[in-house]
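Colleague: After the structure tokens below, expect a handful of questions from me.
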Amino acid sequence: MNAAAPFVFSVFFLPSGTHACTTLAAGRKATSDGSVLLSHSDDGEAFQDPRLCFIPAQDHAAGSLRPIYYDTEDFPRFVGSDRGSCYQPQAGEQPSKPIGNIQQVSHTFAYYESTYGALNEHGVGIGESTCSAMFGTNATGYGGKALFSVDSLSRIAMERTNSSRDAVQLMGSFAEKHGFYGVGSFEGTAESLMVGDPNEVFVFHILPDPTGTSAIWAAQRVPDDHVAVVANMFVIRNIDFDDSHNFLFSSTVRDVAHQKGWWKPGEPLDFTTIYSAGEYAHKFYSGRRVWGSYRKLGITGLPTNYTDLRYDAVYPVTAKPTAGISHKDFFATHRDFYEGTKFDMTKGLAAGPFGDPNRWSQDKSAVKGNWERSIGLFRTTHTHVVQARKDIDSVLWFGPHAAATSCFIPLSSRGTSVPVAYQHGTPHKLSRESAYWAHRYTANMVKLKYSAAMNDVRDLQAKFESQGEDVVLGFQAATVEDLNSAVAEHAGQVVKAFWDLPDELMEKYSDGWAQDGSAPGYPEWWLKAVGYQDGPPPPPKIEDARSAFMALV
């Protein structure tokens with residue numbers, strides 16, 4: 001390929017802020033319980049819609065149409081009556097208007113969705129990560145001709161498929177036929193999904209074609225004993241076009257590369273080198289998370305440095321862990337700030353005296369630079385982990401707001417409702433009825449004294465996530481009504497506990513005091529770093545003051 005191949009640019013609309021998400025996947029032989037795992041952290045900006053919604057199974061009349069909407073992802077992401085009670089119009093809201101339609105099918109499956117489809121009744125799960133790409137376009141009605149975003153594709157897959165392989169092929173075919181558009185910027189014109197079921201999981205990449213009316217896509221199967229990571233950059237390398245079991249792809253993958261002079265028949269076709277526009281945002285923004293995630297999943301010895309991640313295939317597409325991976329390992333990975341490594345974000349002056357790894361966005365600062373990007377992130381809207389299991393309920397583990405200070409609750413693939421507190425909440429107004437705000441409130445209160453207060457958070461997470469596993473054990477024998485009730489009761493306890501926690505943290509750590517009345521102050525290294533020793537001198541001893549006074553008189 002010509003390394004200087006240009007990004008094909010046009011004026012894109014930007015539906016919402018940057019979406020810098022991390023996704024993980026594990027095959028069934030790589031996990032400790034034989035389930036397929038996949039995950040998604042929805043790391044948007046401040047105004048994304050945080051709600052988890054249940055979309056019921058539905059029957060449709062012959063000849064009916066399925067509307068496709070322009071996806072903004074900000075609150076409210078959808079207003080209408082055709083996707084369950086979660087989206088019923090509220091005062092002052094106008095129903096969303098479709099930008100096109102496709103033929104409806106006679107029956108659609110039930111599923112959970114947040115920004116994207118998450119898990120359906122057949123155990124098909126999805127996680128999303130926005131990527132850069134060589135081509136971009138706009139949606140129909142918004143300056144372009146493409147009908148589908150990844151949001152809509154993921155919902156169509158939830159509604160119509162009972163396997164990950166079928167989901168990949170369905171999404172790809174619809175995008176080819178009707179066109180695909182990304183979120184609308186150089187860094188977000190393409191998408192990657194983890195698509196799994198109880199048997200297998202795929203890494204799926206998609207971008208618009210150069211005409212703006214179709215799509216280029218490829219998917220690689222994760223070996224059953226491997227894990228995979230995508231962090232806002234394509235990872236699929238050489239496609240084996242003769243291996244239909246492990247690779248799925250559009251004809252445009254080869255056709256466009258050949259037409260552009262980027263690839264010749266008979267040569268290996270490296271999807272990332274040809275179709276990625278490079279690392280998202282800045283160097284190490286994606287690569288560090290890939291390295292960090294593999295590290296947390298037990299894969300060591302990978303380099304921390306490289307020249308250009310697009311051309312330097314320093315990280316494997318998939319890798320084999322040394323021990324079985326559990327859903328809790330995925331929780332821990334999404335909560336990681338590289339603790340214990342040379343990139344530890346809880347260390348150094350930027351972390352402050354109490355080891356706070358969070359770094360606020362600096363988009364409008366006159367001081368130019370970049371923060372290290374961690375896997376755990378303060379601006380996460382939610383994180384979910386899908387535990388797809390054979391012959392037993394699959395589980396959606398859902399944690400509102402930032403994973404580090406959230407608590408994952410389980411929902412069953414047989415469930416037919418979402419606990420009310422998780423359906424409720426706008427990022428624009430604090431609500432005591434919202435699970436999202438309970439965890440967001442906790443996250444901000446923890447900043448009082450992060451290194452100490454996080455111990456209180458972790459204790460609560462361990463308690464309720466352990467109780468959540470007990471809830472999961474009861475899924476299989478329970479009726480749908482009983483499992484809905486068990487989930488709701490557990491979720492209610494979690495939300496109450498995390499609304500109580502900020503008050504407890506305020507009592508415990510306010511004004512720099514400890515609960516025993518002492519003032520432990522700041523660590524010595526930080527006092528030296530900020531020039532504490534160069535501050536005003538201490539007052540003189542009383543006898544020295546008296547002597548000085550007597551000398552004057």
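Every number here is computed from the coordinates shown, using simple stated rules; none is lab data. These numbers were taken from a predicted model, which means no experiment stands behind them. Positions of Cβ are generated from backbone atoms using ideal geometry, with glycine treated the same way; all protein chains shown enter the neighbour counts.
Colleague: With n ≥ 4 as the cut-off for DSSP H runs, can you work out [θ] at 222 nm for the chain, using -39500 (n - 2.57) per run divided by the number of residues, rounded to the nearest 500?
Modeller: Numbers: 12 runs with 143 residues, N = 553.
Rounded to the nearest 500, the figure is -8000 deg cm²/dmol.
Colleague: What is the percent of Cα-Cα separations in region 246-363 that go past 18 Å?
Modeller: 65 percent
Colleague: Set the Förster distance to 35 Å, then compute FRET efficiency between Asn305 and Glu507 from the Cβ-Cβ distance, nearest 0.05. Working shown, then result.
Modeller: Values: r = 45 Å, r/R0 = 1.30.
Using R0 = 35 Å, I get an efficiency of 0.15.
Colleague: Taking every pair of alpha-carbon atoms in region 359-447, give the share separated by more than 24 Å as a whole percent.
Modeller: Values: 1346 of 3916 pairs.
Beyond 24 Å sits 34 percent of the P(r) for region 359-447.
Colleague: So, with +1 on the Cβ of K and R and -1 on the Cβ of D and E, and no other charges, what is the size of the charge dipole of region 105-209 about its Cα centre, to the nearest 20 debye?
Modeller: Values: 5 positive and 12 negative charges, 52 e Å.
For region 105-209, the charge dipole is close to 260 debye.
Colleague: Give Lys260/Lys296; Lys97/Lys177; Lys449/Lys528; Lys429/Lys508; Lys260/Lys320; Lys447/Lys528 a once-over and call out the pairs whose C-alpha atoms are over 31 Å from each other. Working shown, then result.
Modeller: Working: Lys260/Lys296 40 Å; Lys97/Lys177 21 Å; Lys449/Lys528 19 Å; Lys429/Lys508 27 Å; Lys260/Lys320 36 Å; Lys447/Lys528 22 Å.
Over 31 Å Cα-Cα: Lys260/Lys296; Lys260/Lys320.
Colleague: Sticking with this one: Are there cysteines in the chain with no second cysteine's Cβ under 4.7 Å away, and if so, which?
Modeller: Cys21, Cys131, Cys407
Colleague: Would you list, by chain and number, the aspartates and glutamates whose Cα falls below 16 Å from the Cα of Lys283, excluding same-chain residues fewer than 8 positions away?
Modeller: Cα-Cα hits under 16 Å: Glu187, Asp308, Asp312, Glu372.
Colleague: Let me ask you something else. Rounded to the nearest 0.05, what FRET efficiency do Tyr532 and Lys97 give with R0 = 56 Å and r taken as the Cβ-Cβ distance? Could you check? Could the numbers behind the result be given before it?
Modeller: Working: r = 60 Å, r/R0 = 1.06.
In this case the efficiency is close to 0.40.
Colleague: Also, I was wondering about something else. Can you list the lysines whose alpha carbon is less than 17 Å from that of Lys264, not counting same-chain residues fewer than 8 positions off?
Modeller: none
Colleague: Write down the Å³ per residue value for the convex hull defined by the alpha carbon atoms of the chain. Don't skip to the end; give the middle numbers.
Modeller: Values: hull volume 103.7 nm³, N = 553.
Taking the convex hull of the Cα positions in the chain, it is 187 Å³ per residue.
Colleague: Ordered by residue, what ³J(HN,Hα) values in Hz, to whole numbers, does region 449-463 give under the Karplus form 6.51 cos²θ - 1.76 cosθ + 1.60, where θ = phi - 60° and Gly and Pro are x?
Modeller: Running phi through 6.51 cos²θ - 1.76 cosθ + 1.60 with θ = phi - 60° gives 7, 3, 4, 8, 5, 5, 5, 5, 5, 5, 4, 5, 4, 4, 5 Hz.
Colleague: Using only the alpha-carbon atoms, what does region 468-532 span along each of its principal axes? Please give whole angstrom values in decreasing order.
Modeller: Extents along the principal axes, in whole Å: 63, 22, 17.
Colleague: Let me ask something additional. Give me the Å³ per residue figure for the convex hull around the C-alpha atoms of region 26-91. Can you show the working numbers first?
Modeller: Numbers: hull volume 11.4 nm³, N = 66.
Spread over its residues, the Cα hull of region 26-91 gives 173 Å³ apiece.
Colleague: Also: Grab the beta carbon distance between Ala62 and Asp470, set R0 = 51 Å, and tell me the FRET efficiency rounded to 0.05.
Modeller: Working: r = 45 Å, r/R0 = 0.89.
E(calc), rounded to 0.05, equals 0.65.
Colleague: Rounded to whole Å and ordered largest first, report the semi-axes of the equivalent ellipsoid of region 57-98 derived from its Cα gyration tensor (root of 5λ). All intermediate terms of the calculation are to be shown ahead of the outcome.
Modeller: On the way: eigenvalues 87, 31, 16 Å².
Taking √(5λ) for each eigenvalue gives 21, 12, 9 Å, largest first.
Colleague: Taking amide H positions as placed in the peptide plane 1.01 Å from N, state which residues far from Tyr69 in sequence (5 or more) or on other chains have amide H under 5 Å from it.
Modeller: Close amide H contacts, sequence-distant or interchain: Ile99.
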